[in-house]
Amino acid sequence: MTQTSLDLPSPDGPPPEPAPAPARQRVFDRFSERSLESLALAAGAGSFVLVALAALVAFQFQAAPISGPGSVGQFAAIGAGIVAFLAVIGGRTLVHRQGVHRRLKPLDYVDVAALAFAHAVIALLGWTLLAVILEDAFIGAEVFPLAVLILAGATSAMTAYLAFYSATHMDLQLLAVVLAAFLVFGVLASMLTASDPNWWKDNLSALGMSSNVSAFAFNITIIVAGFLVTTLARYSTRGIPTSHPHGIARVRITLIVVGVFLGMVGLFPVDRFFALHTSVASGMVVAFAVLVIALPRWIPSMPRAFVALGWLFLAVTLLLAVFFFIGYYTLTAVELVAGILVFTWIVLFIRNAAALVQDARQDAPQQAERAPGQGGDASGRSQATSVG
């Protein structure tokens, strides 16, 4: 398998460790799509059997409602969340051991844990939402005993297959999609289960003010999202061509600041840490503004259309803030729109950064072909530049 952008070692990091000797036996000595597909199918089949057996024990081969407490929907969603977590950990571990021969750093373990948790939450909330919809479509219906086992096993099998495939094919674009889906599902679940129906009259952070499950879901969603943003910051800035000597480092640091401040928003609820919560939330917006304004100087090759879009997003955010201060908009509306704009910008930044890296790789062979025809001095300078 071709290494994805998340699995490539950092250009300025230590060289990769040599591959083990051929005498050492491995189940998969290299990544082929056929091997990965077989492993994903095996993960799905194993999950089907285990979860179906667990459902047999839990329901005692009795009929069950579609959703709600003690339902097949609730059981299937929990089972899917567990197998998604385990499938992502297994897939990422396999990638690191078979594909990238380097020692894992502490941040790598944090990345894997955050990624596994995000997939688990998406599976848990996604299947729960589907069960609620089906309950409204089949009012008063019950699921027959055999169907309980099949549905519980099938949902976990599909989840394990998709989670394992996602973990072994993870790239920046897919990671951005996972981040967006995780945020949407997590915040939406917190909204729907909020104990205070009028939470929106205060602000978005009011979802994390109480001590119930809704507040915990909101806060943990924001914290894990912060980890995922720092992961995106560290990987998306690798290999971007720029003439600024410190441009890439400054972009990376600013994005990491956005991710750290986002995680602190969930770590310090507004009702108990008002000053700190407000400070980090405001600091996140300031860091985003600095990044948008300084991006053309730090990465001059960034497309002008994307730079202009960043200025537009920043202007809309400031305009909404003005509307809030004059009493025209609620703070919740400002936070929702600003959050959507910031994360949209981050996703688009990843795509534009990947495009710059791809163009640089395509231009490199052409420049190497032209170098020999420029004479001995030019060739010598080119070699000296490479070594340096």
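Of the set (1) aliphatic (A, V, I, L, M); (2) assigned to a helix (DSSP H, G or I); (3) surrounded by fewer than 21 Cβ atoms within 10 Å (Cβ to Cβ), all apply to Ala225 but (3). Within segment 88-99, no residue that is within 16 Å of Gly44 (Cα to Cα) and open to solvent by 40 Å² or more (accessible area, probe 1.4 Å) sits with its Cβ atom under 8 Å from a residue that is modelled with pLDDT of 80 or more and of a type in the set (Asp, Glu) at 6+ positions apart or across chains. Tell me whether segment 268-275 contains one or more residues that are closer than 23 Å to Ser205 by Cα and touching a His at 6+ places or on another chain (Cβ under 6 Å). Yes, because at least one residue in segment 268-275 is closer than 23 Å to Ser205 by Cα and touching a His at 6+ places or on another chain (Cβ under 6 Å). Pairs linking a residue in segment 281-296 that is more than 17 Å from Val334 (Cβ to Cβ) to a residue that is open to solvent by 40 Å² or more (accessible area, probe 1.4 Å) and among the basic types (Lys, Arg), with Cβ atoms under 9 Å and 6 or more positions apart or on different chains, are Leu291/Arg250; Ala294/Arg250; Pro296/Arg304. Pairs linking a residue in segment 155-168 that is crowded, with 24+ Cβ neighbours inside 10 Å to a residue that is not in a helix (DSSP H, G or I), with Cβ atoms under 8 Å and 6 or more positions apart or on different chains, are Thr168/Met1; Thr168/Phe31. Would a scan of segment 122-145 turn up a residue that is within 19 Å of Ala55 (Cα to Cα), open to solvent by less than 60 Å² (accessible area, probe 1.4 Å), in contact (Cβ under 8 Å) with a residue 60 or more places away in the chain and part of a strand (DSSP E or B)? Yes, there is a match, as at least one residue in segment 122-145 is within 19 Å of Ala55 (Cα to Cα), open to solvent by less than 60 Å² (accessible area, probe 1.4 Å), in contact (Cβ under 8 Å) with a residue 60 or more places away in the chain and part of a strand (DSSP E or B). For segment 230-241, a tally of residues being surrounded by 22 or more Cβ atoms within 10 Å (Cβ to Cβ) and in a helix (DSSP H, G or I) returns 6. Among the residues of segment 242-277, how many are in contact (Cβ under 8 Å) with a residue 40 or more places away in the chain, open to solvent by 70 Å² or more (accessible area, probe 1.4 Å), assigned to a helix (DSSP H, G or I) and within 22 Å of Met209 (Cβ to Cβ)? Qualifying residue count, segment 242-277: 1.
Condition first: open to solvent by less than 60 Å² (accessible area, probe 1.4 Å), farther than 22 Å from Phe164 by Cα, modelled with pLDDT of 90 or more and not aliphatic (A, V, I, L, M). Can you find one or more residues in segment 46-60 that meet it? Explain how you work it out, then say what you get.
Filtering segment 46-60 down to residues open to solvent by less than 60 Å² (accessible area, probe 1.4 Å) leaves 46-47, 51-52, 54-55, 59.
Filter again for farther than 22 Å from Phe164 by Cα, leaving 55, 59.
So of that shortlist, the ones also modelled with pLDDT of 90 or more come out as 55, 59.
Remaining after also requiring not aliphatic (A, V, I, L, M): 59.
Checking segment 46-60: at least one residue is open to solvent by less than 60 Å² (accessible area, probe 1.4 Å), farther than 22 Å from Phe164 by Cα, modelled with pLDDT of 90 or more and not aliphatic (A, V, I, L, M).
Could you check, for segment 338-356, whether at least one of its residues is assigned to a loop (DSSP other than H, G, I, E, B) and either touching a strand residue (DSSP E or B) at 6+ places or on another chain (Cβ under 7 Å) or at pLDDT 85 or above (or both)? Within segment 338-356, not a single residue is assigned to a loop (DSSP other than H, G, I, E, B) and either touching a strand residue (DSSP E or B) at 6+ places or on another chain (Cβ under 7 Å) or at pLDDT 85 or above (or both). Among the residues of segment 168-179, those identified as in a helix (DSSP H, G or I) and under 11 Å from the mean Cα position of the chain (by Cα) are Leu172, Gln173, Leu174, Leu175, Ala176, Val177, Val178, Leu179. Does Leu228 satisfy being at negative phi and touching a Phe, Trp or Tyr at 6+ places or on another chain (Cβ under 9 Å)? Considered against the rule, which asks whether it is at negative phi and touching a Phe, Trp or Tyr at 6+ places or on another chain (Cβ under 9 Å), Leu228 comes out as yes. Just one of (1) over 26 Å from Ala64 (Cα atoms); (2) of a type outside the set (A, V, I, L, M, F, W, C); (3) crowded, with 18+ Cβ neighbours inside 10 Å fails for Asp171. It is (3).
The values are calculated or read from the model by the stated rules, or taken from the named source; none is laboratory data. Remember, it's a predicted structure, so these values are computed and weren't measured experimentally. In this analysis, Cβ positions are derived from the backbone assuming ideal geometry, glycine residues included, and neighbour counts consider all displayed protein chains. In case anyone asks, the SASA skips ligands and DNA or RNA and just uses the protein heavy atoms, side chains included. Shrake-Rupley method; radii C 1.70, N 1.55, O 1.52, S 1.80 Å.
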